[in-house]
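Here's the structure, in structure tokens; my notes come after.
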Number of protein chains: 2
Amino acid sequence: MPWFSTTPKHDVVRRICERIWLAVVQRSLRPGARLKEEDLAEIFGATRARVRQALTALEQDGLVSLTPNRGACIAEPGVEDAQDAFSARLCIEERLVLRLCRQAGPEDIAALRDHIARERAAHQDADSEAIIRLSGEFHMLIARLADAELLSKILRMLTIRTSLITAMYQTQATQTCGPDEHERIVAAIEARDEAAAAEAMRHHLAHLESALRLDEARPPVTALREALLPPR
Amino acid sequence: MPWFSTTPKHDVVRRICERIWLAVVQRSLRPGARLKEEDLAEIFGATRARVRQALTALEQDGLVSLTPNRGACIAEPGVEDAQDAFSARLCIEERLVLRLCRQAGPEDIAALRDHIARERAAHQDADSEAIIRLSGEFHMLIARLADAELLSKILRMLTIRTSLITAMYQTQATQTCGPDEHERIVAAIEARDEAAAAEAMRHHLAHLESALRLDEARPPVTALREALLPPR
DNA sequence: GTCAACGCGATTGTCGACAATTCTGATGCG
DNA sequence: CGCATCAGAATTGTCGACAATCGCGTTGAC
């Protein structure tokens, strides 16, 4: 799971990042939640310095918001941030599938199919953690196969942001992106149909975004604090 | 100069980042150059911890390459990295100008024109540092005016990368992007001509990329080391 | 004479303690 | 009774010293 790998320093930092990310997407850590360094250090059996590294990395990825002298919170992206994130993903991922259409080899297709198979298995088992992981990693896999290191790096940042956004704004019907839409994308890539592939990706992302309720008044947990303490 | 502003912590780190960046684009620090922490600390009158923060930030931006237990070097992006970077910029900046075409107010146009005026002044004075800074900041200004925080962040990373690439691969004719092409872009935005604006931006970036010699065998300074020490 | 193994110097990585800042609750004044 | 002021506690930020690691020169054996 090369999910968090800003710098493959020591795995401790990465593990902390991943654990926090997981807690966020599973909604056990809610946006606005305070992240005390010492607590985290104790929880993960690490030193505070390590925790700090993890937090700065997570801030880079947009998962936590880091205000000087006041510590770290889980970030609270607004509606605009959400739209920006999806808009950027659209831009990037469209390009990626086009690239894959041209240069994907049989082994790439096989890798994608294999991934989808694992997604299906996870759905079968109702393994929610695996579902979340795999559905995100599918997009990262596309980036890696497209042989686009830079875009891959950018996309990682964006998927992390959108996963937070999804956790934050998703409606009750907890639908992650299912394997079927992924399948459609892969099929188009295999058929070398650039238009269809781009369209499938666009549709997939639009579907993801539409599953959120971005237009309503903010329902977040921390609305109270934000509402009552405007100066902040 | 909100050039380096990953986190507005203390300005010391930012100043270090900026100084190193400047040295790179001015070609006084060459790709592959070793960056010893202690030396940097002494040079900038900072502690090693601060230097370390700066280096990790610069690694995120792709300016330095940070290998565990072996320290930091100025990064040496390959030809593929260069193409990726320009490709990504194209993707992002096209979207940005389209957005600006729709939502740019008169004050935005004025800000852009003002910026170009400063570019012209810098050219007049042959102030190479100002020229480099301003020509990069023009693109960042577009991102900021387009009110796209996320894309702005991404673009910052990309401009840093491309500035390194430019310094690395530019031909003798040391041409940075001149004010005239910027002027064309602004004119198109002002006229609300989306197609023309996108085209102007595409042309501008293509021009920038074409001014490099990416197709030849690597001429870099460190070719020797790379050639003789393949295992590394 | 060549190669391998070893140890030393140099450099990075890590940690714990201290300093600075902010938040909380209480106190006193208006 | 409300509000500003001010300690005390809690939390983050910073630093210097120590430990781990790596590169390199030396030494020794074959």
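Things to note:
- 20 Å reach of a label modelled at residue A:207, 7 Å along Cα-to-Cβ, counting backbone N of the stretch A:101-119: A:101, A:112-119
- Rounded if a/c under 1.5, otherwise prolate or oblate - the stretch B:30-112, Cα gyration tensor axes: oblate
- Ellipticity at 222 nm from helices only: DSSP H runs of n ≥ 4 in chain A, each -39500 (n - 2.57), divided by the residue count, give -22000 deg cm²/dmol.
- Across identical copies of the chain, residue B:215 has label-point separations of 5.1 nm, listed in ascending order, with the point defined 7 angstrom from Cα along Cα→Cβ.
- The same position residue A:128 in the other copies lies at 6.0 nm from this copy, comparing label points 7 Å beyond Cα toward the beta-carbon, shortest first.
- Gain in span if fully extended, residue B:195 to residue B:12, counting 0.36 nm per residue against the direct Cα distance: 61.6 nm
- The residues A:61, A:193, sorted by heavy-atom accessible surface at 1.4 Å with ligands and nucleic acids left out, run A:193, A:61 from largest to smallest.
- About its Cα centre, the dipole of the stretch B:11-76 is roughly 80 debye, where the only charges are +1 on Lys and Arg Cβ and -1 on Asp and Glu Cβ.
- Computed from point charges on the beta carbon alone (+1 for Lys and Arg, -1 for Asp and Glu), the dipole magnitude for the protein assembly as shown about its Cα centre is near 1540 Debye.
- In this entry, the stretch B:79-210 is assigned a mean projected area of 7.2 nm², taken as a quarter of its C-alpha convex hull surface.
- Sorted from shortest to longest, the distances between the residue B:105 label points of this copy and the other copies are 5.5 nm, with each point 7 Å from Cα along the line through the beta carbon.
- Compactness of the stretch B:66-137 as Cα Rg over 2.2 N^0.38 Å, two decimals: 1.57
- The angle between the Cα long axis of helix A:79-103 and the main principal axis of chain A comes to about 30°, on a 0 to 90 degree scale.
- Modelled label positions at residue B:30 and residue B:126, each set 7 Å beyond Cα in the direction of Cβ, lie 2.5 nm from each other.
- In order through the stretch B:120-125: 3J(HN,Hα) via Karplus (6.51 cos²θ - 1.76 cosθ + 1.60), integer Hz, x for Gly, Pro: 4, 4, 4, 5, 4, 7
- The stretch B:11-76: translational diffusion in µm²/s, Stokes-Einstein, Kirkwood Rh over Cα pairs, 25 °C, 0.890 mPa s: 214 µm²/s
- Across the options A:152, A:171, A:140, the greatest Cα extent toward the positive end of the charge dipole of the stretch A:79-210 (unit charges at beta carbon of Lys, Arg, Asp, Glu) belongs to A:152.
- Taking amide hydrogens as placed 1.01 Å from N in the peptide plane, the amide H of residue B:75 sits under 5 Å from those of B:32, B:64, B:65, each at least 5 positions away in sequence or on another chain.
- The convex hull defined by the C-alpha atoms of chain B has an orientation-averaged projected area of 13.2 nm².
- Remark: the stretch A:29-39, residue by residue, has Karplus-estimated 3J(HN,Hα) of 10, 9, x, x, 4, 7, 10, 7, 4, 5, 4 Hz, where x stands for each Gly or Pro and the curve is 6.51 cos²θ - 1.76 cosθ + 1.60 at θ = phi - 60°.
- The protein assembly as shown: C-alpha gyration tensor shape, a/c 1.5 cut-off, then a/b vs b/c: rounded
The values are calculated or read from the model by the stated rules, or taken from the named source; none is laboratory data. This structure is a prediction, so every number in the text was calculated from the model and none was measured. Cβ: placed from backbone, ideal geometry, glycine included. Neighbour counts: every protein chain shown. Surface areas here come from the heavy atoms of the whole protein model, side chains and all, with no ligands, DNA or RNA. Shrake-Rupley method; radii C 1.70, N 1.55, O 1.52, S 1.80 Å.
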